[in-house]
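Student: Here it is: the structure, laid out below.
The values are calculated or read from the model by the stated rules, or taken from the named source; none is laboratory data. The shown structure was predicted, so the numbers you read here are calculated from the model rather than taken from an experiment. Glycine gets a Cβ as well: all are built from the backbone with ideal geometry, and neighbour counts include every protein chain shown. Keep in mind that these areas ignore ligands, DNA and RNA; they rest on the heavy atoms of the full protein, side chains included. Shrake-Rupley method; radii C 1.70, N 1.55, O 1.52, S 1.80 Å.
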Amino acid sequence: DVWLAGDTDQLAELMNAGFSDPKVAETLLYHRNENWAEWIDQRMQQPGTVFIAVGAGHLAGDRSVQDLLARRHIGTRRVQ
């Protein structure tokens with residue numbers, strides 16, 4: 001329901017609640033998000049159309065994929 005509503009703050013709280021160990025969150029979520037943001041940045045500099053889909057947990061909260069892309073001045077938008 002929170003995903004359908006576009007409530008990324010609530011989604012982050014829900015998805016990240018299970019990460020009681022910061023090392024697990026770093027490995028399974030944040031490091032992957034940083035790698036994707038780097039790859040997306042490099043890929044966007046090439047010609048062609050790009051569509052990228054990731055799991056909902058990577059799209060919410062600080063250090064989310066779109067947060068990291070915004071820091072690189074790459075806009076994103078939610079598509080339903």
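Student: Somewhere in the stretch 31-46, is a residue open to solvent by less than 70 Å² (accessible area, probe 1.4 Å) and among the polar types (S, T, N, Q)?
Tutor: Yes.
Student: Name the helices (runs of 4 or more DSSP H) wholly within the chain that hold at least 1 residues that are in contact (Cβ under 8 Å) with a residue 60 or more places away in the chain and over 12 Å from the mean Cα position of the chain (by Cα)? Give the derivation first.
Tutor: Values: elements: 2-5, 8-16, 22-25, 31-44, 65-71.
Answer list for the chain: 2-5.
Student: For the stretch 37-52, indicate whether the set of residues that are of a type outside the set (Val, Ile, Thr), closer than 22 Å to GLY6 by Cα and in contact with a Leu (Cβ under 9 Å, 6 or more places away or on another chain) is non-empty.
Tutor: If we filter the stretch 37-52 for residues that are of a type outside the set (Val, Ile, Thr), which is where we start, we get 37-39, 41-48, 51.
Narrowing further to those that are closer than 22 Å to GLY6 by Cα: 37, 51.
Subsequent filtering for residues that are in contact with a Leu (Cβ under 9 Å, 6 or more places away or on another chain) retains 37.
There is at least one residue in the stretch 37-52 that is of a type outside the set (Val, Ile, Thr), closer than 22 Å to GLY6 by Cα and in contact with a Leu (Cβ under 9 Å, 6 or more places away or on another chain).
Student: Considering only residues that are hydroxyl-bearing (Ser, Thr, Tyr) and either at pLDDT 95 or above or open to solvent by 40 Å² or more (accessible area, probe 1.4 Å) (or both), which ones fall in the stretch 47-80? So that I can check it myself, show each step before the final result.
Tutor: Of the residues in the stretch 47-80, the ones hydroxyl-bearing (Ser, Thr, Tyr) are 49, 64, 76.
Selection gives THR49, THR76.
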